[in-house]
1. Under 21 Å Cα to Cα from residue 306, which lysines show up? Leave out anything in the same chain fewer than 8 places away.
2. Using per-residue counts of other Cβ atoms within 10 Å, averaged over each peptide, order 453-465, 545-557, 296-308 from highest down.
3. Distance between Cα centroids, segment 371-439 to segment 281-326: provide it in whole Å.
4. Given the Cα-Cα distance of residue 309 and residue 356 and 0.36 nm per residue of separation, how much length would full extension add, in nm?
5. How large is the helix-only mean residue ellipticity at 222 nm for the chain, computed as the sum of -39500 (n - 2.57) over DSSP H runs with n ≥ 4, divided by its residue count, in deg cm²/dmol to the nearest 500?
6. With everything on Cα atoms, drop me the angle between helix 524-544 and the longest principal axis of the chain, reported from 0 to 90° to the nearest 10.
7. Any idea what angle helix 556-580 forms with the longest principal axis of the chain, computed on alpha-carbon atoms, 0 to 90 degrees, nearest 10?
8. Pop a pseudo-label 7 angstrom from the Cα along the beta-carbon direction at both residue 542 and residue 606 and give the gap in nm to one decimal.
Amino acid sequence: MKYTEGSEIRDTKAPAGPIEERWEKRKFSAKLVNPANKRKLNVIVVGTGLAGGSAAATLGELGYNVKSFCYQDTPRRAHSIAAQGGINAAKNYRGDGDSIYRLFYDTVKGGDFRARESNVYRLAQVSVNIIDQAVAQGVPFAREYGGLLDTRSFGGAQVSRTFYARGQTGQQLLLGAYQALERQIAAGTVEMHTRHEMLDLIVSDGRARGVIVRDMVTGEIERHLADAVVLATGGYGNVFFLSTNAKGCNTTAIWRAHERGAYFANPCYTQIHPTCIPVSGEYQSKLTLMSESLRNDGRVWVPLRKDDDRAPGDIPEEERDYYLERIYPAFGNLVPRDIASRAAKNVCDEGRGVGSGGLGVYLDFRDAIGRLGRDAVEKKYGNLFEMYERITGENPYDVPMRIYPAVHYTMGGLWVDYDLQSTIPGLFVIGEANFSDHGANRLGASALMQGLADGYFVLPTTIGDYLANGPYGEVDEEAVAEAEIKVRTRIDRLMSVNGTRTPDSFHRELGKLMWDYCGMERTEESLRKALERIPELREEFWKNVKVSGTAEELNQVLEKAGRVADFFDLAELMCLDALVRTESCGGHFRAESQDPDGEALRDDEHFAHVSAWERTPSGETVLHKEPLEYEYVKMTQRSYK
């Protein structure tokens, strides 16, 4: 895949001056829309997870006319519901030294110094408001005996700042956002469209002015217009086929925006979560996450001996290697996800893995149960233990859990400025769909924080600055018709191939290729192999995919085929981005770039930048670089020892 290098790109919206004052300065300088004018303005929000649901609810509350779209049958089924462990906030309720600045520092360091300082500091500031908002909505956060909100620790931090609701934090927060959204639907400010999938972005006179969607029940193609469009459609981890994401999660919305001119930033930054149930067979279509919060009390270990097939209870203490505690004594089992994942891979590569195929390590609660008692552990993690037992048939109160890393989150996404606006005016991107806050590795419990920060507090201010110049007039009918024709042509093409292979079979093959060649560890050789094989597989897809049924009805095979087609194009860009970035940083580990201890070795001289990829109207790929400048955090080699 060829590319050219284009001009440098800069975020011009972040104010200068002391970092703690920048968000207040931006809020004050942003133009306001008076209440009467808000009723004349229309906003489309695609996605109803924590970011999209909270954004649509807040924009409706402010008085804008909002259309909300999701492909699920209810906003409650958005994948945010699957988040388990908690949400970070710099409240310092424990009095253990936490602060907004420390959360800012931990996030920049956790992202291996590849995130913007201004965005991350704002996230830390806003985090304290999110908890108050959620509590006011009735979110049942865990509480201590005296009634105060409880917190626990998460990877990459030495303070206890993670608020939680057992192992169901995402579900409870999503229900809070959902009830706020439903209130606005009842009030008439939000028009809800379930079972609709966005298939293209309408760009008129250089501005995002609407979307083309397919009614997934009837097959009808619809056009919807607005003064601004917000994408809150999540990440693209399902490019690997096996991941912790819901099967419906896809890249289509942001990829179609990319094809319309929105830059795609850092696509190679994908996160491998260290605490997942290992693969058990070829029949699997997804993997199950076990919350990182389990590493608070669970101890990770493997046998000292290679190929030790004894039951874990038969292995004495002196023959166990608690390798995270041994290698990283300061953080122990609470090192960041990228480090814990690579450490698990390394011990398994040495032949000390456990379970079928040797791709697993133990997460053991024996000591915690002995120290706290089974009842206390059950109160903290009971639903997670129950889920593990239902899936594996093993009782984690009696035997250690078996875990192994799996694809979980994507730090890359559409490029946005400080206002969360993409390179297409009027197209705003929030939550996991953008790239803005996490650098090369997201700290645990920060996804929920970013989604709600963007939706409740950041976007409603910054989108007003753009909408203050609206309404933007009539939309060019030619632009709408062209987008609709493009969608119909693509569907017709998929339906007409009539080959012999299912979309799932292609997806599975692409996913294995990506995991093997662009997974936890990448090399120049593996990435070049992937870049040779992906175009071949894509060509075979368009010659031999079988889409049964018709396009004028509920057709899940057609839905999958369209999403897999976009995954091919995304996978190619991911591998190119990983090939060009010859350093290791966070979740992007190039085997050629590691220090003597096997840790990621950054190259700040050549790669302290965001890679923002443009796809030109002629189909060329252009790399634009956004320099990352650090005034408050010194770039150093990360150490959690």
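1. In chain and number order, the partners are 345.
2. Working: 453-465: 23.8, 545-557: 15.1, 296-308: 18.8.
Top to bottom by mean Cβ count within 10 Å: 453-465, 296-308, 545-557.
3. Result: 19 Å between the Cα centres.
4. Details: separation 47, 0.36 × 47 = 16.92 nm, distance 1.01 nm.
The residue 309-residue 356 span can extend by a further 15.9 nm.
5. -11500 deg cm²/dmol
6. It is inclined by approximately 50 degrees.
7. Approximately 70 degrees, to the nearest ten.
8. Those two pseudo-labels are separated by 3.3 nm.
The values are calculated or read from the model by the stated rules, or taken from the named source; none is laboratory data. Remember, it's a predicted structure, so these values are computed and weren't measured experimentally. Neighbour counts run over all protein chains shown; Cβ positions are idealised from the backbone, glycine included. The protein model used for the area step is the full one, side chains on, heavy atoms only, and it has no ligands, DNA or RNA in it. Shrake-Rupley method; radii C 1.70, N 1.55, O 1.52, S 1.80 Å.
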